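Scroll down for the structure; my scribbles are underneath it.
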Amino acid sequence: NAGVTQTPKFQVLKTGQSMTLQCAQDMNHEYMSWYRQDPGMGLRLIHYSVGAGITDQGEVPNGYNVSRSTTEDFPLRLLSAAPSQTSVYFCASSGGFLSAGANVLTFGAGSRLTVL
Amino acid sequence: GDSVTQMEGPVTLSEEAFLTINCTYTATGYPSLFWYVQYPGEGLQLLLKATKADDKGSNKGFEATYRKETTSFHLEKGSVQVSDSAVYFCALTITGGGNKLTFGTGTQLKVEL
């Protein structure tokens with residue numbers, strides 16, 4: 001089925017470890033983004049990309065890196081994990097600004113990360 | 001900046017009760033408004049949207065009307081079911097601002113028999 005695929009679904013890290021959350025979409029969407037979801041705070045935008053080779057920071061980018069080498073993939077990297085990064089992470093994509101699906105995000109199922 | 005304020009939950013209702021979840025916003029430009037729903041263990045799904053003042057979005061028996069004069073987008077359903085139990089998020093994006101959404105904190109709805 002077409003959609004947004006995130007891996008892994010669950011991950012436990014120790015402080016200082018690094019890891020990459022993977023995100024892939026097969027809808028040829030130009031726009032991709034990463035959000036984190038924390039209790040009482042809703043979803044906050046970490047990084048986003050409007051197309052291959054273009055990325056930009058969202059509301060809470062510190063401690064995270066992204067790249068967009070292809071239209072399909074948008075990995076999120078934690079270089080040195082901290083307990084404050086314990087959260088549920090969602091990848092989301094949508095069509096480009098001029099497309100019919102602009103502004104309507106399709107979300108992945110989420111990745112639950114715990115940093116000890 | 002842009003922000004969305006939702007009523008706090010959890011909201012607990014009996015099946016067939018009337019539902020209202022309040023949502024108000026502040027925006028630096030002209031917003032489009034959305035309601036997303038998150039079922040347990042899943043990602044968010046678009047429930048409905050409205051792109052200009054006085055528009056009414058509707059889906060699966062849920063409705064919300066874009067009220068520019070009160071900067072509100074309240075979600076309503078006339079008769080809730082147990083299957084409507086989920087977390088509901090109000091969100092906005094600014095026209096011309098790309099696809100970046102600003103979300104409210106979410107309202108958990110529990111519907112009991």
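Skipping prolines and chain starts, which residues have an amide H placed within reach, meaning under 5 Å, of the one on B:V11, given they are 5 or more residues away or on another chain?
Answer set, sorted by chain and number: B:Q108, B:L109, B:K110.
In whole Å, what are the extents of chain B along the principal axes defined by its C-alpha atoms, from largest to smallest?
44, 28, 21
I'd like the carbon and sulfur percentage of the solvent accessible area for chain B, probe radius 1.4 Å, heavy atoms only, ligands and nucleic acids excluded.
Working: 2490 of 5240 Å².
Carbon and sulfur together cover 47 percent of it.
Quote the total accessible area buried by chains A and B together, excluding ligands, DNA and RNA, probe 1.4 Å, nearest 100 Å². Let's see the in-between values first.
On the way: alone 6260 and 6040 Å², together 10740 Å².
Heavy-atom accessible area buried at this interface is about 1600 Å².
So what's segment A:1-65 giving for Cα Rg divided by 2.2 N^0.38 Å, two decimals?
Details: Rg = 13.2 Å, N = 65, 2.2 N^0.38 = 10.7 Å.
For segment A:1-65, the normalised Cα radius of gyration comes out at 1.23.
Tell me the per residue accessible area of chain B using a 1.4 Å probe; a whole number in Å² is fine. List each step's numbers first, then the result.
Numbers: 5240 Å² over 113 residues.
With all protein chains present, chain B gives 46 Å² per residue.
With unit charges on the beta carbon (Lys/Arg positive, Asp/Glu negative), name the residue among A:Y31, A:Q6, A:S84 whose Cα is farthest towards the positive pole of the charge dipole of chain A.
The residue sitting most towards the positive pole is A:S84.
Can you grab the distance from the C-alpha centre of segment A:1-60 to the C-alpha centre of segment B:27-93, Å, no decimals?
So the separation of the two Cα centres works out to 23 Å.
How much net charge surrounds B:G61 when only the other residues with a Cβ under 15 Å from the Cβ of B:G61 are counted, with Lys and Arg +1 and Asp and Glu -1? List each step's numbers first, then the result.
Values: positive: B:K56, B:K60, B:K77; negative: B:E15, B:E16, B:E63, B:E76, B:D84.
Cβ neighbours under 15 Å give a net charge of -2.
Can you work out the Karplus-derived ³J(HN,Hα) for every residue in segment B:62-69? Use 6.51 cos²θ - 1.76 cosθ + 1.60 with θ = phi - 60°, whole Hz, and x for glycine or proline.
8, 9, 8, 10, 6, 10, 5, 5
Per-residue counts of other Cβ atoms within 10 Å, averaged by peptide: what ranking do you get for B:99-108, B:47-56, highest first?
Working: B:99-108: 21.6, B:47-56: 15.4.
Highest-to-lowest ranking by the protection proxy: B:99-108, B:47-56.
With only Lys, Arg, Asp and Glu charged, each at its Cβ (+1 for the first two, -1 for the last two), find how big the charge dipole of the protein assembly as shown is about the Cα centre; round to the nearest 20 debye.
Numbers: 16 positive and 19 negative charges, 93 e Å.
Value, rounded to 20: 440 debye.
May I ask for the Kirkwood hydrodynamic radius of segment A:47-116, worked out over all distinct Cα pairs and given in angstroms to one decimal? Before the final figure, lay out each step's value.
On the way: mean 1/r = 0.0747 Å⁻¹.
Value: 13.4 Å, from the Cα pair sum.
Would you compute the Debye intensity of segment B:31-91 from its alpha-carbon atoms alone, equal scatterers and no solvent, and pass along log10 I(q)/I(0) at q = 0.18, 0.22 Å⁻¹ to two decimals?
Scattering profile of segment B:31-91, log10 relative to I(0): -0.61, -0.86.
Output the Cα-based Rg and Dmax of the protein assembly as shown in Å, rounding Rg to one decimal and Dmax to a whole number.
17.5, 51
Given a cut-off of under 8 Å on Cα pairs at least six residues apart, what relative contact order in percent is computed for segment A:1-100? Please list the in-between numbers first.
Values: 214 pairs, mean separation 34.3, N = 100.
Result for segment A:1-100 is 34 percent.
What does the highest-first list of B:63-70, A:22-29 look like by mean Cβ count within 10 Å?
Values: B:63-70: 15.4, A:22-29: 18.0.
Going by the mean number of other Cβ atoms within 10 Å, highest first, we get A:22-29, B:63-70.
Tell me, what is the FRET efficiency for A:S84 and B:D2 to the nearest 0.05, using R0 = 25 angstrom and their Cβ-Cβ distance as r?
The pair A:S84/B:D2 has a calculated efficiency of 0.55.
Count charges around B:L113 for me, please; just the other residues with Cβ under 13 Å from its Cβ, Lys/Arg as +1, Asp/Glu as -1. Before the final figure, lay out each step's value.
Working: positive: B:K110; negative: B:E15, B:E16, B:D84, B:E112.
With Lys, Arg at +1 and Asp, Glu at -1, the neighbours total -3.
The values are calculated or read from the model by the stated rules, or taken from the named source; none is laboratory data. None of the values given here were measured: they were computed from a predicted structure. Using ideal geometry, Cβ is built from the backbone for each residue, glycine included, and neighbour counts are taken over all protein chains shown. The area values use the complete protein model at the heavy-atom level, side chains included, leaving out ligands, DNA and RNA. Shrake-Rupley method; radii C 1.70, N 1.55, O 1.52, S 1.80 Å.
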